[in-house]
Amino acid sequence: MKIIQSGWGRTNKSKNEILNVNDFNPDIVKKAKCGLAVGLGRSYGDSSINSGGVYFSNNLNKKISIDHENSIATCEAGATIGELERAALSVGLFPPVVPGTEFVTIGGAIASNIHGKSHHTMGSFSSCVAEIKLLTSQGEIIYLQPENENHELFWATLGGMGLTGIILESKIKLIGVETSYILVKEKRARNIEEIFNLLSEFDSKFLYTVAWIDLSGSYIGRGRVAGGNHATYLELPSKLKKNPLKTNLPKKFQIPNIFPSKTINLYTVSLFNKLWFHKPLSNKYMNVRSFMHPLDSVKDWNRIYGKKGFYQFQFSIPIGSEVFIKSILMELKEFKMASFLGVVKKFGQSDKSLLGFPSPGWTFAIDIPAGHPEVKTWLAKKYEELANIGGKIYLTKDATLDSQNFNLMYPKSNEWRKIKLKIDPYNFWVSDQSKRIGLC
Ligand SMILES: Cc1cc2nc3c(=O)[nH]c(=O)nc-3n(C[C@H](O)[C@H](O)[C@H](O)COP(=O)(O)OP(=O)(O)OC[C@H]3O[C@@H](n4cnc5c(N)ncnc54)[C@H](O)[C@@H]3O)c2cc1C
């Protein structure tokens, strides 16, 4: 069967055959020019697109079993983060590194080495991954651990964007929690300096922190900073104590596919940003799902950007380069680039993954409509500036990075290429992104 595979930003698409991972065999590798494992298509650009190849899906492989005594979940790669959260919460456990949406497969989370609101305390997803079961293009199954004899391949596969093989299963480390609620504290910040200061302060008090920036009006970076810790049973009000590990299923409200690209304009965006900035602060208990995945209450919200889609520009910069974020805010205003809220987070330490994104410093993410006439030229200029200051683009959000700046941003990419050559000598696993950035 052929499917149209699209990134979340809807700027990149391809129609190819999709096979179930269970049907993988060496004949397919001989017949097809190239292949790629795909999850739920929540990467924004062309990381999950392979024009001219075959796709392998894990969507029938979703089994999760939990070893309660050792706080480890064994998950098939097609299980989602949301499904893992619910299975873990039912026995008083939780995966401490989760992304902003629950609709991400375990395979996709490993391939992108995702980070969450806990990066300053927990690091990237790699910190939770005890083992990966990998299927290579030669049909071999290899078990990878961070410290075993296959550790090099482990660190090339975490963040390796599906280019080392198909992740079939993984063992994920969980933390103990008494309730499914987060005790949240929020504060407003008047400008970007206050955002930086508040985030640093919140990082010392909370397991999870994040800031949203208002991209309207004077673009001075005013916004809201949120911090949260898992609530203990005793901290819950009595009405919640009856069912302290209650979990909510995703809501069904869906955006229809009818929005013209002009729906996102300076007026609508400005209004949304203002409403968000002024809505009452939360200093209360929130269900973990609402805190971790606030955008999931509106299904397919990416359709609001219309047929032309949008880019997400997510970068990281070292401490000391904060002026870069200020210049971005000013330029968004100057170019009249309408964008919903910007997200800011302070990263903790990096891990050993060769293509890992987070490094100590700041990360900033904004969505920009792809229809803006200057967007591609502007992004190209920003990549050069980022590469010069030791910044990086997050590959799972990227759709337009060039090979020269990619190599500067990811200095361990050559080390990664050597491992790739050993494990996938005929370069079977490729994506449109890996070709564009010259990774393989
Ligand atoms: C609303 C929203 C919020 C987000 N928030 C965050 C966030 O807070 N932090 C963060 O880090 N990311 C975030 N993301 C990005 C998302 O976590 C990643 O793009 C993730 O990889 C998507 O997983 P997926 O299952 O949809 O995979 P896909 O998008 O289908 O694929 C992504 C990559 O994973 C590879 N892949 C997928 N499955 C496998 C497998 N079984 N074996 C090998 N490779 C595989 C693909 O080849 C591709 O390279 C967000 C995305 C959205 C849409």
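Taken together, the values in this text are just the output of simple stated rules run on the coordinates, not laboratory data. Not measured: the values here are computed from a predicted model. When we count neighbours, we look across all protein chains shown, and the Cβ atoms used for this are built from the backbone with ideal geometry, even at glycine.
Using a Gaussian network model on the chain with a 10 Å cutoff between Cα atoms, which of T164, T377, T232 fluctuates the most?
Fluctuation is largest for T377.
When the convex hull of the C-alpha atoms of the range 55-194 is computed, what volume per residue in Å³ does it have?
Spelled out: Cα convex hull of the range 55-194, divided by residues, is 138 Å³.
Just subtract the alpha-carbon distance of Q404 and M1 from 0.36 nm times their residue separation and send over the number in nm, one decimal.
Gain on stretching Q404 to M1: 141.4 nm.
Quick one: I175, I319, fewest Cβ neighbours within 10 Å first, how do they rank?
Listed from fewest to most nearby Cβ atoms, that is I319, I175.
K31 to K307: extension gain in nm, 0.36 nm per residue of separation minus the Cα-Cα distance?
96.0 nm
On each of the three principal axes of the Cα atoms of the chain, give max minus min coordinate, whole Å, ordered largest first.
Extents along the principal axes: 59, 54, 43 Å.
Report, in whole Å, the centroid distance computed from the Cα atoms of the range 31-94 and the range 197-243.
Computed from Cα coordinates, the inter-centre distance equals 28 Å.
At q = 0.12 Å⁻¹, what log₁₀ I(q)/I(0) does a Debye calculation on the Cα points of the range 181-401 give, no solvent, two decimals?
Debye curve over Cα of the range 181-401, log10 I(q)/I(0) at q = 0.12 Å⁻¹: -0.72.
Estimate the FRET efficiency between Y426 and E384 by the formula 1/(1 + (r/R0)^6), using the beta-carbon distance for r and 30 Å for R0, to the nearest 0.05.
About 0.35, to the nearest 0.05.
Place a +1 charge on the Cβ of each Lys and Arg in the chain and a -1 charge on the Cβ of each Asp and Glu, then give the dipole magnitude about the Cα centre in debye, rounded to the nearest 20.
1440
For N229 and N20, compute 0.36 nm times the residue count separating them, minus their Cα-Cα distance, and round to one decimal in nm.
71.3 nm
Do any of K33/K63; K242/K284; K274/K308; K63/K397 go past 23 Å between their Cα atoms, and which?
From K33/K63; K242/K284; K274/K308; K63/K397, over 23 Å: K33/K63; K274/K308; K63/K397.
If one computes the Cα centroid of the range 291-321 and of the range 367-440, what distance in Å separates the two points?
18
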